[in-house]
Amino acid sequence: MLRHTVKRQFNLFSRAKPVREAFLCAHNGVSAAVRISTMNRSNVLNYSTKIPPRLTAESYPNLQRLSEFKKLSSDDLTFFKSILSDSEILQATADEDLAVFNEDWMRKYKGQSKLVLRPKTVNQISQILKYCNDNRLAVVPQGGNTGLVGGSIPVFDEIVLSLTQLNKIRSFDSVSGILKCDAGVILENADSFLAENGYIFPMDLGAKGSCHVGGIVATNAGGLRLLRYGSLHGTVLGLEVVLPDGKILNSMDALRKDNTGYDLKQLFIGSEGTIGVITGVSILAPPRPKAVNVGFLGVGSYEAVQEVFVQAKQELSEILSAFEFMDLKSQTLAKEHLKGVSHPLEDEYPFYVLIETSGSNKEHDDAKLEAFLEKAMENGSVLDGVVAQDETELRNLWEWRESIPESSQAGGGVYKYDVSLPLKELYSLVDAANERLNEKGLSSTSDPTKPVISAIGYGHVGDGNLHLNVAVRAYSKEVEKVLEPFVYEFVSSKHGSISAEHGLGFQKKNYIGYSKNEQEIAMIKELKNLYDPNAILNPYKYV
Amino acid sequence: MSKALRILVPVKRVIDYAIKPRINKAGTGVEKTGVKFSMNPFDDIAVEEAVRIREAHKKLVENIHAVSIGPTKAQDILRTALAKGADTCTLIDAKETELEPLAVAKILKQVVAKQNANLVILGKQSIDDDCNNTGQMLAGLLNWPQATNAAKVEIDESSLVAKVTREIDGGEETISAPLPLVITTDLRLNQPRYATLPNLMKAKKKPMEKMTLADFSDVSTEPRLQVLKLEEPPTRSAGEKVASVDELIEKLKSVKAI
């Protein structure tokens, strides 16, 4: 999912400065300085919306706090203090509203939680959930809080159960490549750990510096390696989950093959914290590729993007590891955002493609990539392009893809839609959205009185996954009404999915019907009632 | 001398600067197997500057020639130099031999003569040994003027005098020197371009001359320096939190910091 969430770092009680760290991990002073000059980010604009978010409860007045839920009392605190240390309990005070835990990074939603629990052990989590279940206290499990659909933040006064401090690598088997770790391990840390052992985490996304391994599993995040390594439904081998009544479901003894009845872990992958809290993950890590190449190509039309994709699959086959497309408008926004950094391609093209190969032998990969690109240039499907010659160029090229979400946010805010559509019609949604916004006179790139800047499209062609981002100057009901349910109806009419990788969370909770049929929804509800009869886990969300 | 620039750009293959080098188990050098190598970033800047000089003075520049002394695989970075705008190149295959700056400068002196070059642009240092010697030594051997750490280079077409700006403490220093000249590049001279697909394809057809150290048998490649041992710098010990200013002062006193 969160491929296009920004890399952020939170300081506990202050909203982190949104200027990204400049990858200052180079091997001596000279090279660090080189890096900074190559991609000077000091003049990058702030990304977060200028207007602080309103309380979700105020933005959605029809939504009422469920009276079945108990309000937090001093008895409850006494109990929590009996099982947790002071540093594991954070309470709201007059000058601290726990904004870091109450707001999402897009600053679209704001909850009113007064209590954050940050346990360090699975047993503590089990005790907390049992107590909350017995006392009907609503709980929101939270990982790195990098979600894009408001799924990890409270709506009213739910207790935030933060997995931040449950963050140990448990074990790694360097023969099988099976990693076992706590849910609160930050994705980037897990990947660095694996890198030292010659392995790679089978998924990657823009928010890797903040998001948790447990969070990506709970939300079934997609990300950029999906094309190569498949979805988490395949790579996750086992889970440790605390159920709402405090029972611990453990399938961490990971086996690649285990055909003994229901594969229960699958139920929690993508459950978004609605029937259990994931506390441990075992996952199969593939060997880390030794050679990586990145090309950034200019393409004349969406049809040509598809042609290049087909050719890339044929010519590059097993080494193709990412195929991302971006439209011109997304690059225009990125150019404004990355002021002063020159774009890889001199001329403008209607579409851009970022292509990545990963393999074990550089000469072999180079030869394949070269042959493919030469062919694609000759037959005209690719109009221009560049190929990274060193690691910094490689990262800078990725930057033009990864900075799009930040860029689309920089003007004030962004409405994000993450949909699956048949490849042929992937881009038609962006055209349709722009047409509709123009028709209603809401959109202009230059006129500051219009609420919408522009609707842009980019995404993972390999997965049939489009990100439609509507960059706005401010969030407004008017724009929201034009876009929703229009986008969902459009996707449904093409038999796509309204959420390819972001999940449903709060934002799309009313729209599940566009992608799941009645029987499916009924079964989801039955499962929820069975395992969380008091519905204390992540209420007001999609189930 | 006819009014034409023949630019020589020496480039070195080094461990990519985004990669953290590791010391080998024996403690005698840096681990080189399975590590990504690229062009020394300062040399990348040198190639870019040569190309920019040609773009600014279309008729003046006759040829941009890249040269690399290193392992056979240094031809990868020569191809990169060709793709970014060099016209021709020479690979001087040194196999596994590691050369010190003086030997490199002596070989380059002969290459300068062979190419009849009158402007040498190279990185001020390579990021592997950080010597910052080669340019200066080459200028000395050639008895040419040198403009090191260039942050800006302007060439006067009529007089063939180069005006080079260097960053110094608290300001800038501008020097001028007539050609022939050796220029070494600093970080802020320019931002290198990407290698485009059409240029990468053209680069494959550009000539690459191949030589070996045997072609420079009069240059001694014997090392004059001996590496005794390579060690990681000591790791920084973890910080400590103090509750009050008094405690801070006490701690500082206890470690004799104040």
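Any read-out appearing in this document is the output of simple, stated calculations on the displayed coordinates, not a laboratory observation. Computed from a predicted structure; not experimentally measured. Don't worry about glycine lacking a Cβ; one is built from the backbone with ideal geometry, like all the others, and counts go over all protein chains shown.
When you count, for each residue, the other Cβ atoms within 10 Å and take the mean per peptide, how do A:350-356, B:140-146 rank with the highest first? List each step's numbers first, then the result.
Numbers: A:350-356: 23.7, B:140-146: 15.9.
Highest to lowest by the protection proxy: A:350-356, B:140-146.
For peptide A:338-348, compute the average count of partner chain beta-carbon atoms within 10 Å of each residue's beta-carbon.
Values: counts 0, 0, 1, 1, 3, 1, 3, 2, 3, 0, 0.
Per residue, the number of nearby Cβ atoms from other chains is 1 on average.
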Kirkwood-based Rg/Rh on the Cα set of the stretch A:332-453 evaluates to 1.02
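Which whole number in µm²/s is D for the protein assembly as shown by Stokes-Einstein, with the Kirkwood Rh taken over Cα pairs at 25 °C and 0.890 mPa s?
Values: Rh = 29.2 Å.
The Stokes-Einstein estimate is 84 µm²/s.
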What net charge do the residues around A:Lys110 carry, taking every other residue with its C-beta under 10 Å from that of A:Lys110, with Lys and Arg at +1 and Asp and Glu at -1?
-1
Comparing B:Ile15, B:Ile168, B:Ile92 in a Gaussian network model of chain B (Cα, 10 Å), the one with the largest mean-square fluctuation is B:Ile168
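Express in nm, to one decimal, how much length is gained between B:His57 and B:Ser237 on full extension, taking 0.36 nm for each residue of separation and deducting their alpha carbon distance.
Difference between extended and current length: 59.3 nm.
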Kirkwood hydrodynamic radius (C-alpha pairs) into Stokes-Einstein, the stretch B:5-226, 25 °C and 0.890 mPa s, D in µm²/s
138
Between the stretch B:1-39 and the stretch A:241-257, how far is it from one alpha carbon centroid to the other, in angstrom?
50
Pairs B:Lys73/B:Lys206; A:Lys265/A:Lys313; A:Lys362/B:Lys12; A:Lys120/B:Lys241: which exceed 28 Å Cα-Cα?
A:Lys265/A:Lys313
Alpha-carbon radius of gyration plus Dmax, which is the widest Cα pair, for the stretch A:411-502 in Å
12.7, 38
25 Å Cα-Cα reach of A:Lys339 towards lysines, excluding residues that sit fewer than 8 places from it in its own chain:
A:Lys7, A:Lys17, A:Lys50, A:Lys208, A:Lys329, A:Lys416, A:Lys450, B:Lys84, B:Lys152
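Please compute the length gained on full extension between B:Asp218 and B:Ile175, using 0.36 nm multiplied by the number of residues separating them and subtracting their Cα-Cα distance.
Details: separation 43, 0.36 × 43 = 15.48 nm, distance 3.49 nm.
Gain on stretching B:Asp218 to B:Ile175: 12.0 nm.
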With the radius of gyration and the Kirkwood radius both derived from the Cα set of the stretch A:169-284, what is their ratio Rg to Rh?
0.94
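Quick one: in the stretch B:62-120, what % of C-alpha pairs are over 15 Å apart?
50
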Taking the 0 to 90 degree range and rounding to the nearest ten, how far is the long axis of helix A:122-135 tilted relative to the main principal axis of chain A, both from C-alpha atoms?
60
Residue (of A:Val292, A:Gly261, A:Pro61) at the positive-pole extreme of chain A, dipole from beta-carbon charges
A:Pro61
In whole angstrom, the spacing between the Cα centers of the stretch B:237-258 and the stretch A:68-85 equals 37
Would you list which aspartates and glutamates come within 13 Å of B:Lys251, measuring only between C-alpha atoms, while excluding same-chain residues fewer than 8 positions from it?
B:Glu240
Taking A:Leu333, A:Leu394, A:Leu84 and counting other C-beta atoms within 10 Å, the order from fewest to most:
A:Leu84, A:Leu394, A:Leu333
Can you list the lysines whose alpha carbon is less than 19 Å from that of A:Lys516, not counting same-chain residues fewer than 8 positions off?
A:Lys494, A:Lys508, A:Lys525, A:Lys528, A:Lys541
Go from 0 up to the bin containing the longest alpha carbon distance in the stretch A:291-404, width 5 Å each, and give me the % of pairs per bin.
2, 12, 24, 25, 19, 11, 5, 1
Quick one: B:Arg54, B:Arg13, A:Arg436, fewest Cβ neighbours within 10 Å first, how do they rank?
A:Arg436, B:Arg54, B:Arg13
Restricting to the protein assembly as shown, compute how many DSSP beta bridges are antiparallel as a %, nearest 5.
70
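Which whole number of Å³ per residue matches the convex hull of the alpha-carbon atoms in the stretch A:218-323? Kindly include the intermediate steps, with their values, before the conclusion.
On the way: hull volume 15.8 nm³, N = 106.
Cα convex hull per residue, to the nearest whole number: 149 Å³.
Equivalent ellipsoid semi-axes for the stretch B:44-158, as square roots of 5 times the alpha carbon gyration tensor eigenvalues: give them largest first, rounded to whole Å. All intermediate terms of the calculation are to be shown ahead of the outcome.
Values: eigenvalues 99, 60, 37 Å².
With the √(5λ) rule applied to the stretch B:44-158, the semi-axes are 22, 17, 14 Å.
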